[in-house]
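Every read-out reported here was derived from the displayed coordinates using simple, explicitly stated rules and does not represent laboratory data. This is a predicted model, so every value here is computed, not measured. When we count neighbours, we look across all protein chains shown, and the Cβ atoms used for this are built from the backbone with ideal geometry, even at glycine.
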């Protein structure tokens, strides 16, 4: 298989490291498939292992989890399998300073049918430093970052303990920033992707929060400026789509939405059901204050036009409503993240999906 994450020639040594590179990690995959890190409980250790054992590369999503919970999930993966895997971290931004009083009333309206009040809007860094410290103490093969570029010294620290570093980007400019920080590879997120957009800075204007490059265009733009290996993410649902991104210059495809109905995924019941209802998807800040693509529902429709750029303040504000909706199996008031092609999801074990997609490109495990 083609190299997914190879180190550019002439790169300066970063000190003592293991012999493993990201190129090694992905080149040894039997199928060039990465399971996207999906925060909120979807990316379970069981999903990570199922994809890894089937020949792909699974990712744990550390976002919203406590450091202790991340540690437990890492240990769980290692207790189940010796497959390589990755962990994804959210890079913290800055407090928004937005006045959320009017938006809070709209959220309260959504919570009344469920008997819950909004939460308190607050800023936090998602325990970023503590999670980074954990990954330095207990290294994993790959660490990826979303919502920004980690400090160059943190990239080097991870590399020195043997981890390979991947940064998720949505534009050529973000790719340049990631390369300058010394990352080993790039995950390119097209506008088709489900869940949060990885934009480094939310422009607060468009629903997308920044550039809206389709995935195939983004691969071409970034490949023209760097030799770093590329993982392609956004709207991938089958082997045909995987074959297209490989031909465009990516080394692997990252699948997220396509795994949502797998039994190993921690997808809520109402979310699974909504995926079969042909609802369509849209971008919104309504649930978290950051642009994200999800299945269209009542809460999204009512709140999108009023939601400011205020992450994670709005995430905490709407959390009780979303949690109550999930418990009540109410699809109208939950953040049911999904990308383009959500209607094509299948209720199959993750290993069967990986095998099917691999067979479609002639690289079955």
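What is the stretch 17-166 by shape, rounded, prolate or oblate, if you read a ≥ b ≥ c off the alpha carbon gyration tensor as root eigenvalues and call it rounded for a/c under 1.5, prolate for a/b larger than b/c, and oblate otherwise? Each step should come with its number before you reach the end.
Values: a/c = 2.59, a/b = 1.72, b/c = 1.50.
Verdict is prolate for the stretch 17-166.
Return 71, 131 ranked ascending by Cβ neighbour count within 10 Å, so the fewest neighbours appear first. Provide the component values of the computation, followed by the final result.
On the way: 71 17, 131 22.
Fewest-to-most ranking of 71, 131: 71, 131.
Note the angle between two axes, namely the Cα long axis of helix 350-360 and the longest principal axis of the Cα atoms of the chain, as a number of degrees from 0 to 90, rounded to the nearest 10.
With both axes taken from Cα atoms, the answer is about 60 degrees.
Which distance in Å, rounded to a whole number, links the C-alpha centroids of the stretch 301-333 and the stretch 189-266?
Their Cα centres are 25 Å away from one another.
Return the whole-Å distance between the Cα centroid of the stretch 34-52 and the Cα centroid of the stretch 63-112.
14 Å
Please work out whether the stretch 222-314 counts as rounded, prolate or oblate from its C-alpha gyration tensor, where a ≥ b ≥ c are the square roots of the eigenvalues and a/c under 1.5 means rounded, while otherwise a/b larger than b/c means prolate and anything else oblate?
On the way: a/c = 2.49, a/b = 1.44, b/c = 1.73.
It comes out oblate by the Cα gyration axes.
Give the relative contact order (percent, whole number) for the stretch 176-321; include only Cα pairs under 8 Å separated by 6+ residues. Each step should come with its number before you reach the end.
Numbers: 221 pairs, mean separation 32.5, N = 146.
Once normalised by length, the contact order is 22 percent.
Using only Cα atoms, tell me the angle between helix 128-137 and the longest principal axis of the chain; keep it within 0 to 90° and round to the nearest 10.
The two axes meet at around 30 degrees.
Give the shape of the stretch 123-241 as rounded, prolate or oblate, defined through the alpha-carbon gyration tensor: a ≥ b ≥ c are the square roots of its eigenvalues, a/c under 1.5 means rounded, and otherwise the shape is prolate if a/b is larger than b/c and oblate if not. Can you show the working numbers first?
Working: a/c = 1.75, a/b = 1.42, b/c = 1.24.
Note, shape of the stretch 123-241 comes out prolate.
Among 249-258, 118-127, how do they line up from the highest to the lowest mean number of other beta-carbon atoms within 10 Å? Walk me through the intermediate numbers first.
Numbers: 249-258: 26.2, 118-127: 16.9.
Peptide ranking by packing, descending: 249-258, 118-127.
Could you work out the relative contact order of the chain? I mean the mean sequence separation of Cα pairs under 8 Å and 6+ apart, divided by the number of residues, in percent. If you can, show how the numbers build up before the last one.
Details: 825 pairs, mean separation 75.3, N = 365.
Across the chain, relative contact order equals 21 percent.
Taking the Cβ of each residue in 83, 187 as the centre, tally the other Cβ atoms inside 10 Å and list the residues starting with the fewest. Show your work: numbers first, answer last.
On the way: 83 20, 187 29.
Fewest-to-most Cβ neighbours within 10 Å comes out as 83, 187.
Measure nothing but the geometry: give the 0 to 90° angle between the long axis through the Cα atoms of 101-111 and the longest principal axis through the Cα atoms of the chain, rounded to 10°.
90 degrees
Of the listed values (1) 41, 23, 18; (2) 31, 23, 20; (3) 33, 27, 21, grab the one calculated as semi-axes √(5λ) of the Cα gyration tensor in Å from the structure here.
(2)
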